[in-house]
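Asker: Sharing a structure with you now.
All of the numbers you see were taken from the coordinates with simple rules; none came from a lab. Because the structure is predicted, anything quoted here is derived from the model rather than measured. Using ideal geometry, Cβ is built from the backbone for each residue, glycine included, and neighbour counts are taken over all protein chains shown.
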Ligand SMILES: [Zn+2]
C-alpha cells in the first residue's frame, strides 16, 4: 500500500501529552508549499489500551468538537493508563468552514474511507486514519451530531459485534457512555465491511468502534455537551484508562433499531407535527409541506411509512423532494 504524504508532528510512541497537527500537504494559489493543519493530541502513560476519539468528521457537528477539546485540556498523561489519540476537528477544512463537507474538494470524510493516499485532501485524510491511525488503536469513538439539517437526542450507534469479545466490549461501552438512546445496527460490520464510514474503517482494522449522534442543528446544546463529556469520561473509566475517576450511577439506555426515514415528496416549507420521542404509526400524518409561493395550493400531508418513535427530526424548514424529515426507530426486541 502506498504511504501517506500526511506527516504527524507528534510521536505516537512517546510518553506524556503532546498537541500539534497532522500536516496535510495542500498547495494553493496563496500557499504554494502549505499544509492543512489537522489538530491532534496524544496522551500516553503506562500500560493500557489505545483509544482514538474523533470529532468533526463532519465539520458542522459541534458537541463532539468541544468535548474532545475539553478532554485534551482537562486530562494530563499522568492521569491516564494507555494511549489516548484525540482528533477534535478531524475534517479540519470542513470544520473551519462550519460545513458537513470540505470546501477544498467537497469531500464527505465519512463517505471517503478507505481513502486514497494520492487522492483529494479528504481522501488522503481518510486513508491516513484507516492505514496509519486505526492500526494503532484498540477502540474508536467517532462523535457525530445531526449537523446543520437534523437534530438527534444523545444517541450511541453501534453494531452487534462479530465475536463474543467484541459484543461484550460494545455493551461495556454502551453502558458506560450511558446516553439515553442507542441505535443498534442489525447487519454489517466485521473485517470484510465495505462501508465508506470511519466505523467501516475501524471494522476492517479489527478496532471496536461506536459512534454517537449528539444534538445538531448547527448549534451546541449545553445539556447534551454535559452528557457527552460525562459519557467520554465514563467510557475511559470502563476501559480502565482513567484510574482516578469514579462514575456516578448509570441512568440507562433505550436500545432501538432503525425502521427508516420519512422523506419529503414535495418542495416547500416543513411543518413538523411530531417531536423527537413521539410515537408514530404507519400511515399517520407526521408533517405538512406548505407552499407560500402558491397560496391557492393547499398544504400536503406527509404520512409515515413506518411505525415507531421519532428518533431524529429535520431542523431546517425549507425542504426539497427527498430530504429526510424524520428517522423512525423501534424498541429492540419488539419485532
Ligand atoms: Zn456526522
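Asker: Take the Cα atoms of the chain, find their three principal axes, and give me the spread along each one in whole Å, biggest first.
Answerer: 67, 54, 38
Asker: Can you give me the pair-distance distribution of the stretch 6-74, C-alpha pairs, 5 Å bins, whole percents?
Answerer: The percentages, shortest bin first, are 4, 14, 20, 22, 19, 13, 7, 2, 1, 0.
Asker: Residue separation times 0.36 nm, minus the C-alpha to C-alpha distance between residue 13 and residue 293: what's the value?
Answerer: 94.7 nm
Asker: I would also like to ask the following. Per residue, what volume in Å³ does the convex hull of the Cα atoms of the stretch 100-252 enclose?
Answerer: 122
Asker: Something else about it: For the stretch 143-187, what D do you get in µm² per second when you plug the Kirkwood radius from alpha-carbon pairs into Stokes-Einstein at 25 °C and 0.890 mPa s? Mind dumping the intermediate values first?
Answerer: Numbers: Rh = 11.5 Å.
For the chosen part, D equals 213 µm²/s.
Asker: Another question, then. Rank these for me by crowding, 221, 102, 209, going from fewest to most other beta carbons within 10 Å.
Answerer: Fewest to most other Cβ atoms nearby, the residues stand as 221, 102, 209.
Asker: How do 293, 130, 282 line up, fewest other C-beta atoms within 10 Å first?
Answerer: 293, 282, 130
Asker: Residues in the stretch 304-335 near a label at residue 255, defined as backbone nitrogen under 17 Å from the 7 Å Cα→Cβ point?
Answerer: From the stretch 304-335, the list is 329-335.
Asker: Moving on to the next point. Only counting other Cβ atoms within 10 Å, I'd like 225, 170 sorted with the fewest neighbours first.
Answerer: Going from least to most buried by this count: 225, 170.
Asker: Next question, about the same structure. Wrap a convex hull around the Cα atoms of the stretch 240-310, take a quarter of its surface area, and give that in square nanometres.
Answerer: 8.0
Asker: Also, I was wondering about something else. Where does helix 222-238 land angle-wise versus the long Cα axis of the chain, in degrees 0 to 90, nearest 10?
Answerer: 40
Asker: Given the Cα-Cα distance of residue 160 and residue 219 and 0.36 nm per residue of separation, how much length would full extension add, in nm?
Answerer: Once the chain is fully extended between residue 160 and residue 219, it gains 18.2 nm.
Asker: What number do you get for the stretch 201-335 when its Cα radius of gyration is normalised by 2.2 N^0.38 Å, N = residues?
Answerer: Normalised Rg, Cα atoms only: 1.35.
Asker: Length gain on complete extension for the stretch residue 5 to residue 171, per 0.36 nm per residue less the alpha carbon to alpha carbon distance?
Answerer: 56.1 nm
Asker: Sort 246-253, 272-279, 48-55 by the packing proxy (mean of other Cβ within 10 Å over each peptide's residues), most packed first.
Answerer: 48-55, 272-279, 246-253
Asker: While we're looking at this one, here's another question. So if I take the centroid of the Cα atoms in the stretch 3-80 and the same for the stretch 167-181, what is the distance between those two points in Å?
Answerer: Centre-to-centre distance over Cα atoms comes out at 25 Å.
Asker: Among 150-158, 134-142, how do they line up from the highest to the lowest mean number of other beta-carbon atoms within 10 Å?
Answerer: Numbers: 150-158: 23.7, 134-142: 20.9.
Order by mean packing, descending: 150-158, 134-142.
Asker: Right, here's the next one. To the nearest 10 degrees, how steeply does helix 164-177 sit against the main Cα axis of the chain, on a 0 to 90 scale?
Answerer: The answer is roughly 70 degrees.
Asker: What's the ranking of 199-205, 36-42, 73-79 by average number of surrounding C-beta atoms within 10 Å, highest first?
Answerer: Order by mean packing, descending: 199-205, 36-42, 73-79.
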